[in-house]
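The values are calculated or read from the model by the stated rules, or taken from the named source; none is laboratory data. These numbers come from a predicted model, not from an experiment. Here the Cβ positions follow ideal geometry from the backbone for every residue, glycine too, while neighbour counts run over all protein chains shown. The accessibility values were calculated without ligands, DNA or RNA, using every heavy atom of the protein model including side chains. Shrake-Rupley method; radii C 1.70, N 1.55, O 1.52, S 1.80 Å.
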Amino acid sequence: MIVSKYITDDFDSDEAVDWAIANCPSFEKYILVELDWEEKQERDCCFRFDATFNNDQDATLFLLRWA
């Protein structure tokens, strides 16, 4: 399962990855995605953080912590 978080000024991707490693055993990987121009304007941010989990419960836990 892939969960996404749009990166704003208060989001620290390093902290989110460290937290996921420590708290979500099924965490596999993450990727930072640069948004296209229209989405940048629409969301007022430039990047999206996508994290991949093998377990829905871990994905939910991550979203509860970082949403």
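The long axis of helix 13-23 is offset from the longest Cα principal axis of the chain by roughly 20 degrees. Amide H contacts under 5 Å for TYR6: PHE49, restricted to partners 5 or more places along the chain or on a different chain, H placed in the peptide plane at 1.01 Å from N. Legend: Rg and Dmax of segment 27-67, from Cα coordinates, 12.3, 33 Å. With θ taken as phi - 60° and the Karplus curve 6.51 cos²θ - 1.76 cosθ + 1.60 applied, the whole-hertz 3J(HN,Hα) list for segment 40-50 is 4, 5, 5, 9, 6, 8, 10, 9, 10, 9, 10 Hz, x standing for glycine and proline.
Relative to the longest principal axis of the Cα atoms of the chain, the long axis of helix 56-66 makes an angle of roughly 50 degrees. So how far apart, in nm, are the two label points at ASN54 and GLU42 if each is 7 Å from Cα heading toward Cβ? Rounded to a tenth, the inter-label distance reads 3.4 nm.
For the chain, give the percent of accessible area contributed by carbon and sulfur heavy atoms, probe 1.4 Å, rounded to a whole number. Don't skip to the answer; put the middle values down first.
Working: 2210 of 4680 Å².
That share works out to 47 percent.
Ligands, DNA and RNA are left out, and with a 1.4 angstrom probe the accessible area of the chain is 70 Å² per residue. Charged side chains reduced to their Cβ positions (Lys and Arg at +1, Asp and Glu at -1) give the chain a dipole of some 220 debye around its Cα centre.
At full extension, ILE2 and ALA22 could sit 5.4 nm farther apart than now, given 0.36 nm per residue minus the alpha carbon distance.
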